[in-house]
Amino acid sequence: MTMSDPIADMLTRIRNGNTAKHDFVDVPASKMKQAVADILVNEGYIKGYKLIEDGLIKTIRVEMKYGKDKNEKVIAGIKKISKPGLRVYAGKDELPKVLGGLGTAIISTNKGIITDKEARKQNVGGEVIAFIW
């Protein structure tokens, strides 16, 4: 079965795993999903991830991150912005700020998938993939 929006599927799996207080979540792998997972690790939303290869199928195992106990969630919310039916782009001067800079916007640019803060430093715009806070 083909999926129309694999990044939305990944973010939904992470959101559902966070709500259900799972220790890890498995996501089918791709280079774009690995780039998003790298951003989530660097911004401190998840502990880490491992690439698991089972023959032809590759899977990303995302290790969830919580506070002192599992009731303190590090990820308060994830929202997919650009969808297959309506792509959302932002120029270098109109990059969004999530919660006034407290959250992170994930942007797909010609320099790769980066955060909104990094896009401001590099002075580039692109497709706004998701907000996470």
If the chain between residue 70 and residue 16 were fully extended at 0.36 nm per residue, the gain over the current Cα-Cα distance would be 18.1 nm
For the chain, the percent of accessible surface on carbon and sulfur atoms (probe 1.4 angstrom, ligands and nucleic acids excluded) is 52
In the neighbourhood of residue 49 defined by beta carbon distances under 15 Å, the net charge of the other residues (Lys, Arg +1; Asp, Glu -1) is +2
Inter-part gap, Cα centre of the stretch 1-58 to Cα centre of the stretch 102-133, in whole angstrom, is 18
If one compares the long axis through the Cα atoms of helix 6-19 with the longest principal axis of the Cα atoms of the chain, the angle in degrees, nearest 10, works out at 60
To the nearest Å², the heavy-atom accessible area per residue of the chain with 1.4 Å probe amounts to 58
With +1 at each Lys and Arg Cβ and -1 at each Asp and Glu Cβ, the charge dipole magnitude of the chain around its Cα centre, to the nearest 20 debye, comes out at 180
For Rg/Rh (Cα atoms, Kirkwood Rh) the list reads (1) 0.94; (2) 0.96; (3) 1.04; the calculated value is entry (2)
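The values are calculated or read from the model by the stated rules, or taken from the named source; none is laboratory data. This one's a predicted model, so the numbers in the text were calculated from it and none came from an experiment. So basically every Cβ, Gly included, is an ideal-geometry build from the backbone, and we count neighbours across all protein chains shown. Each accessible area value is taken on the protein alone, full model and side chains, heavy atoms only, with ligands, DNA and RNA left out. Shrake-Rupley method; radii C 1.70, N 1.55, O 1.52, S 1.80 Å.
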